[in-house]
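Peer 1: Take this structure first; my questions come after.
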Amino acid sequence: MALFASARKPTDLDDRKDVFAPVADLMVGVVFIFIVMIMALSLVMVDDVVPRADYDRVVSDLRTAKVDLAAAEIAAAEAARQRDAAETQARLAQERAVRSEERARRSEESRERLAAFVRYVRDSGVMPVLGRLAEADARRADILERVRDRLASSKITVEIDAAEGTLRLPSTLLFESAKADPTVEGTAIIRELGVALADIVPCYLANSDRPSSCPADDGGVGVLSAVYVEGHTDAAAFRNTIDRFRNNWDLSAARAIEAFRIIRESDARIAGMRNDEGQALLGVSGYSDTRPSARDVLPEARLDDAVRERDRRIEIRLIMSVDENEVRTTIRDINQRLDAIDGDLR
């Protein structure tokens with residue numbers, strides 16, 4: 001009977017089913033442990049979550065810190081700029097002080113040099129030399145005036161320029177156009193000039209006996225060194241091709257030589273006149289049209305008939321002399337001192 005049948009012998013399949021049972025139990029345990037760990041981890045993570053308000057506060061504090069840092073950097077830069085500006089101002093102030101001291105020192109030196117120059121002018125021979133130069137000019141003017149007055153007594157009108165030291169003869173009466181030979185009237189005028197010079201000039205020569213007609217002697221300061229007979233022409237081009245003259249230079253020189261000859265022949269005393277160096281007193285020079293009678297006339301106006309008439313002339317120029325070495329030394333010393341003072345003022 002089946003009820004009493006013997007027990008069945010387990011097969012291999014049954015054995016295999018029994019082997020996986022413990023494994024299943026093990027997996028269940030592992031899953032349980034995993035779940036427990038997940039839960040624990042979740043609890044830990046929940047504890048580490050930062051509240052939103054705290055997060056926003058931290059972010060705000062961070063932004064404020066950045067703003068404060070930027071402001072601090074700007075303030076530091078401004079402080080550095082102000083410090084640099086202050087240092088620059090201090091340096092400039094120091095430089096100004098140094099320059100001011102230098103100017104004060106140079107000013108004091110300039111004052112001292114100027115004071116020394118004033119003492120030099122006062123105590124040395126400068127003023128006497130300048131006085132002798134001024135007196136020489138005055139004596140030259142006196143000679144010109146005496147010659148002019150002497151010719152005026154002979155109804156001859158001349159012009160004098162005391163500053164230039166010249167006496168101008170009447171141009172319209174002396175020469176014909178482009179001619180060097182004086183007219184009859186011109187010859188008479190030049191001869192009268194020679195006689196006046198022979199009478200007056202010896203009063204102002206160093207190596208001459210003073211005629212009785214001379215004015216009272218005032219010390220003899222400033223004597224005649226030379227008397228030049230100067231020939232001048234107008235600015236018109238020279239057109240005479242017949243005579244020996246090539247141009248206005250030849251003509252002006254020839255007229256001066258003719259006037260010189262007539263003056264020498266007018267009185268025997270003229271040839272013997274000598275300056276303080278023993279040289280002949282009377283000389284000649286020709287200037288063509290290079291020294292117009294009026295220096296401020298425009299070039300185109302120099303061809304005007306009236307201007308040309310004044311430019312065609314004979315002039316007598318007086319040269320005065322004093323102690324040349326003394327004057328040259330004094331003027332050189334003055335110039336050196338003035339150069340030093342001028343250098344301080346620059």
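No value in this document is a laboratory result; all are computed from the given coordinates. Bear in mind that the values here come from a model prediction, so they are computed numbers and not experimental data. Don't worry about glycine lacking a Cβ; one is built from the backbone with ideal geometry, like all the others, and counts go over all protein chains shown.
Peer 1: Under a 5 Å amide H to amide H cut-off, with H placed in plane at 1.01 Å, what residues pair with Met320 once short-range neighbours are removed?
Peer 2: HN-HN under 5 Å from Met320: Ser225.
Peer 1: Let me ask something else. Using the basic label-point model (7 angstrom from Cα toward the beta carbon), what is the Ser321 to Ser100 distance in nanometres?
Peer 2: The two pseudo-label positions are separated by 5.9 nm.
Peer 1: What FRET efficiency, computed as 1/(1 + (r/R0)^6) with R0 = 25 Å and r the Cβ-Cβ distance, is obtained for Glu164 and Gln279, rounded to the nearest 0.05?
Peer 2: Efficiency computed from Cβ-Cβ geometry: 0.65.
Peer 1: Less than 18 Å from a label point 7 Å out along the Cα-to-Cβ axis of Asp209: which backbone N atoms in the stretch 259-284 qualify, by residue?
Peer 2: 268-275
Peer 1: Right, here's the next one. Figure the gain on full extension for Leu92 and Glu135 (residue separation times 0.36 nm, minus the Cα-Cα span) and round it to one decimal in nm.
Peer 2: Details: separation 43, 0.36 × 43 = 15.48 nm, distance 5.69 nm.
Computed gain between Leu92 and Glu135 is 9.8 nm.
Peer 1: Moving on to the next point. So, in nm, how far is label Val67 from label Lys179 when the simple model puts each one 7 Å beyond its Cα toward the Cβ?
Peer 2: About 11.5 nm, to one decimal.
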